[in-house]
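Single-structure report; data block below.
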Amino acid sequence: MNFTSIVLSLLAFAAIILVHEFGHFLFAKLLGFRVKEFAIGFGRKLFSKKYGETVYSIRAVPLGGFNAIPEIDSMGGNITPALYAKRFVVLVAGGLFNIISAVLAIFVAFWIIGFSFPSTIVQSVQPDHPAYNILMPNDKILSINGHEVINNNDLAIVKEFKDVSLVVERGGQTVELQIHKNLDDTLGTVMQSEHRSLSFSESFTATRAMLDRFFMAIDSFLGAMSNSTVQDKVTSLSGPIGVTQAMAQTQNSLGISGLIVLASFISIQIGIFNLLPVPLLDGGRIMVDTIQLLTRNALSDNCIKYISYSGLVVIGLIFLCGMGSDIFRIIQS
């Protein structure tokens, strides 16, 4: 990891927080709530400026952020249907902004910034593979058994044949090559990479495929976690250090587009996590508001305070376990 990767990772992490808090802020303003402060980070103020009724600040610890909205921050009081609806929209907005902005960021990464994709030009051929000493570096594969090769995905068809007839471009000339191999075997080629962006429609398809894979990975992870030990669950957590390391490593190896995709996935996770019915999280506040609305404000202020404390304990334990796992991995490495 280099200094630039770490800085970009921290900026990406701050952007995730900024988007979340801006969702709350925007809808609070639109619905007429008073926002006393819009802050990025916690701890001592490094910068603050007041515009109208709101103080905008940047604080010393860039691990979170908050909006000071009295009518939202107060979990007690008399919850009427009208107030419930307005609070619900403001509380949900943060998580939804995380999810929506992440999808848009992945789309932009494919459409405008671009990725390094394997091309149809041979970089090398692995020894003891069918194409060794037949295909040469810089050969451009044009067709496989009469099937035109337009992009790297088209090369997969080679596994369907035992006898392979390749048409390649070599040194400005077209050459036909014959290769015999076992069914389902690959040619053993390593292809050169090319940096390119996708078309609008290709970017839409790629974004959808990326999100499908992401949610499949979450489903597999949750399935594995349900059958794992408590120790495995704890060591699988990552705190701010681990997240920043992962972002920095991704940026270092895959470039800015890779960092955007990883940050987008983290943003989606944060958005979903914040909507869970855990006290102190946005979903927990919605849960308490719902109970108050359905029971006509049966929960006392003391009861709501203890519910908040329980949420603080749960979130604190998750944070400490994540930090502990990060430190343990650093010591191991």
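Under 9 Å between Cβ atoms, at least 6 apart or on separate chains: pull out the pairs that start in the stretch 286-305 with a residue that is charged (D, E, K, R) and end on any residue that is assigned to a helix (DSSP H, G or I) and open to solvent by 50 Å² or more (accessible area, probe 1.4 Å).
Sorted first by the residue in the stretch 286-305, then by its partner, the pairs are Asp289/Phe88.
Determine, yes or no, whether Glu194 is open to solvent by 40 Å² or more (accessible area, probe 1.4 Å), over 26 Å from Gly255 (Cβ atoms) and either in contact with a Ser or Thr (Cβ under 8 Å, 6 or more places away or on another chain) or assigned to a strand (DSSP E or B) (or both).
no
Can you name the residue in the stretch 16-70 that is of a type in the set (A, V, I, L, M) and open to solvent by 60 Å² or more (accessible area, probe 1.4 Å) and, of all such residues, is farthest from Gln269 (Cα to Cα)?
Leu46
For the stretch 197-209, name all the residues that are surrounded by 12 or more Cβ atoms within 10 Å (Cβ to Cβ) and either touching a residue at least 24 places away in the same chain (Cβ under 8 Å) or more than 17 Å from the chain's Cα centre (by Cα) (or both).
Matches in the stretch 197-209: Ser197, Leu198, Glu202, Ser203, Phe204, Thr205, Ala206, Thr207.
Quick check: anything in the stretch 127-140 buried (at least 19 other Cβ atoms within 10 Å of the Cβ), within 37 Å of the chain's Cα centre (by Cα) and without any contact (Cβ under 8 Å) to a residue 40 or more places away in the chain?
yes
The values are calculated or read from the model by the stated rules, or taken from the named source; none is laboratory data. Treat the numbers as computed from the prediction; the structure is a model and nothing was measured. Don't worry about glycine lacking a Cβ; one is built from the backbone with ideal geometry, like all the others, and counts go over all protein chains shown. These area figures cover heavy atoms from the full protein model, side chains too; ligands, DNA and RNA do not enter into them. Shrake-Rupley method; radii C 1.70, N 1.55, O 1.52, S 1.80 Å.
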